[in-house]
Amino acid sequence: MHTRRIGDVEVSAIGLGGMPMSIEGRPDEARSLATIHAALDAGVTLIDTADAYHRDAHEVGHNETLIAKALASHDRGGDVLVATKGGHLRPGDGSWTLDGSPRHLKEACEESLRRLGVEAIGLYQFHRPDPRVPYAESVGAIRDLLDEGKIRLAGISNADPQQIRQAQEILGGRLASVQNQFSPAFRSSEPELELCDELGIAFLPWSPLGGISRAGELGSRFAPFARIAEARGVSPQRVCLAWMLAKSPVVVPIPGASRPETILDSLAATDLDLTAEERAQLDAV
């Protein structure tokens, strides 16, 4: 498995996104555990989750609990950097709400620590800016958690360039990662990716294949990905992830998966070297 870095931690160049295993349409637990174990067997050392990855109101942190169970039952579980998030909530009616208050973020971190069964969270990320709370206050809470040793690395998600620079300043140069949506269908995070490349901060694209419901349509929606995939004898999804990896050494995609075969296909992208001409064709989409 090829590797990249988040802060001072070396991780697999592609991680596993846990959300599909816990929200609406999720598989049974046995298949989810098999998916996580298949990823670990293949060398994955980064799993992304959040306390908001759950379906029903009474099961906050469902995905964190699932991942903790999978890691505890695998001999490579201790090698994994678990990245979780706080500040986004799901009331249980399918909607998403926000609470970026320092009090909530610190309480949410304590609950995530408990569910994950660790003394310090590997990477803790502020999930989404809350317009009711000054951004500096939210990131300040993440800084406090870092200073207190509750988290080992600090990150932000769904941030713009100004917020990235502000977070880097508030964290005293210790911003380890930025997790933003980025895919062939969602290219508006290019400036954030470029800024992370400039600053040496890991950029974690979420929904890199277009989202749970659209990932299978990638080839039909974007002809160059299908054309190159056919010529190479691989899936359009694999081409997509290889294209992202080629953009910058700071990019660490975290495709979501709920089947072993899906994550294994994604991981194979680390061995797919695209030519400059192929990359140019995909960049032009």
Practice prompt. For residue 285, enumerate residues with amide H under 5 Å from its amide H, sequence gap 5+ or separate chain, H modeled in the peptide plane.
Written response: none
Practice prompt. Heads up, I need the accessible area for residue 135: 1.4 angstrom probe, whole protein in place, Å², nearest 10.
Written response: 30 Å²
Discussion item. Cut-off 10 angstrom, C-alpha nodes, Gaussian network model of the chain. Which of 72, 268, 141 fluctuates the most?
Written reply: 72
Item to complete: Evaluate the relative contact order of the chain (contact order divided by residue number), counting alpha-carbon pairs under 8 angstrom at least 6 apart; express in whole percent.
Response: 20 percent
Worksheet, complete the sentence: Taking the alpha-carbon centre of each part, the distance from the stretch 158-188 to the stretch 213-240 in Å is 27 Å
Worksheet item: Which of the lysines could a cross-linker bridge to residue 150, judged by Cα under 23 Å and excluding same-chain residues fewer than eight apart?
Response: 69, 85, 106
Worksheet entry | Rounded accessible area of residue 109 (nearest 10 Å², 1.4 Å probe) | 0 Å²
Worksheet entry | Global size of the stretch 110-267 as Cα Rg and Dmax, reported in angstrom | 17.2, 52
Fill in: Amide H contacts under 5 Å for residue 5, placed H, 5+ residues apart
11
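Suppose only helical runs count, i.e. DSSP H with n ≥ 4. What mean residue ellipticity at 222 nm does that imply for the chain under -39500 (n - 2.57) per run, divided by all residues and rounded to the nearest 500 deg cm²/dmol?
Working: 11 runs with 114 residues, N = 285.
My calculation for the chain gives -12000 deg cm²/dmol from helical runs alone.
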Worksheet item: Across the stretch 99-112, in residue order, what do the Karplus-derived ³J(HN,Hα) couplings come to in whole Hz, using 6.51 cos²θ - 1.76 cosθ + 1.60 with θ = phi - 60° and x for Gly and Pro?
Response: 8, x, 5, x, 4, 5, 4, 6, 5, 5, 4, 4, 5, 5
Worksheet item: Per residue and in cubic angstrom, what volume does the convex hull of the Cα atoms of the stretch 20-66 have?
Response: 67 Å³
Fill in: Evaluated at q = 0.09, 0.10, 0.11 Å⁻¹: base-10 log I(q)/I(0), Debye formula over Cα of the stretch 1-125
-0.24, -0.29, -0.36
Discussion item. Apply the Karplus curve 6.51 cos²θ - 1.76 cosθ + 1.60, θ = phi - 60°, to the phi angles in the stretch 278-285 and return the couplings in whole Hz, x for Gly and Pro.
Written reply: 5, 4, 5, 4, 6, 4, 7, 4
Worksheet item: How large is ³J(HN,Hα) for each residue in the stretch 23-40, as worked out from phi by the Karplus curve 6.51 cos²θ - 1.76 cosθ + 1.60 (θ = phi - 60°), to whole Hz, x for Gly and Pro?
Response: 9, 3, x, 5, x, 6, 4, 4, 5, 5, 4, 5, 5, 5, 5, 5, 5, 5
Worksheet item: By how many degrees, 0 to 90 and rounded to 10, does the Cα axis of helix 161-170 deviate from the longest principal axis of the chain?
Response: 40 degrees
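Let me know the whole percent of all Cα-Cα pairs from the stretch 215-285 that are separated by more than 17 Å.
On the way: 934 of 2485 pairs.
That tail contains 38 percent of the Cα-Cα pairs.
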Discussion item. Show log10 I(q)/I(0) for the stretch 108-197 at q = 0.20, 0.21 Å⁻¹, two decimals, from a solvent-free Debye sum over equal Cα scatterers.
Written reply: -0.94, -1.01
Item to complete: Kindly provide the Kirkwood hydrodynamic radius of the chain in Å, to one decimal, from all pairs of distinct alpha carbon atoms.
Response: 18.8 Å
Worksheet entry | Net charge dipole size for the chain [Lys, Arg +1 and Asp, Glu -1 on Cβ; Debye, nearest 20] | 240 debye
Discussion item. Taking amide H atoms as placed 1.01 Å from N in the peptide plane, list the residues 5 or more away in sequence, or in a different chain, whose amide H sits under 5 Å from that of residue 45.
Written reply: 12
Discussion item. Sort 115, 259, 26 by heavy-atom solvent-accessible area, probe 1.4 angstrom, most to least.
Written reply: 259, 26, 115
Worksheet item: residue 73: accessible area at probe 1.4 Å, nearest 10 Å²?
Response: 70 Å²
Worksheet item: What angle do you read, to the nearest 10 degrees and between 0 and 90, between the alpha-carbon axis of helix 62-72 and the longest principal axis of the chain?
Response: 80 degrees
Worksheet entry | Label-to-label distance, nm, for residues given as residue 284 and residue 59 (7 Å Cα→Cβ offset) | 4.7 nm
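The values are calculated or read from the model by the stated rules, or taken from the named source; none is laboratory data. Quantities reported herein were computed from a predicted structural model and do not represent experimental measurements. All Cβ positions, even for glycine, are placed from backbone atoms using ideal geometry, and neighbour counts span all protein chains on display. Accessible surface areas use protein heavy atoms only, side chains included; no ligands, DNA or RNA. Shrake-Rupley method; radii C 1.70, N 1.55, O 1.52, S 1.80 Å.
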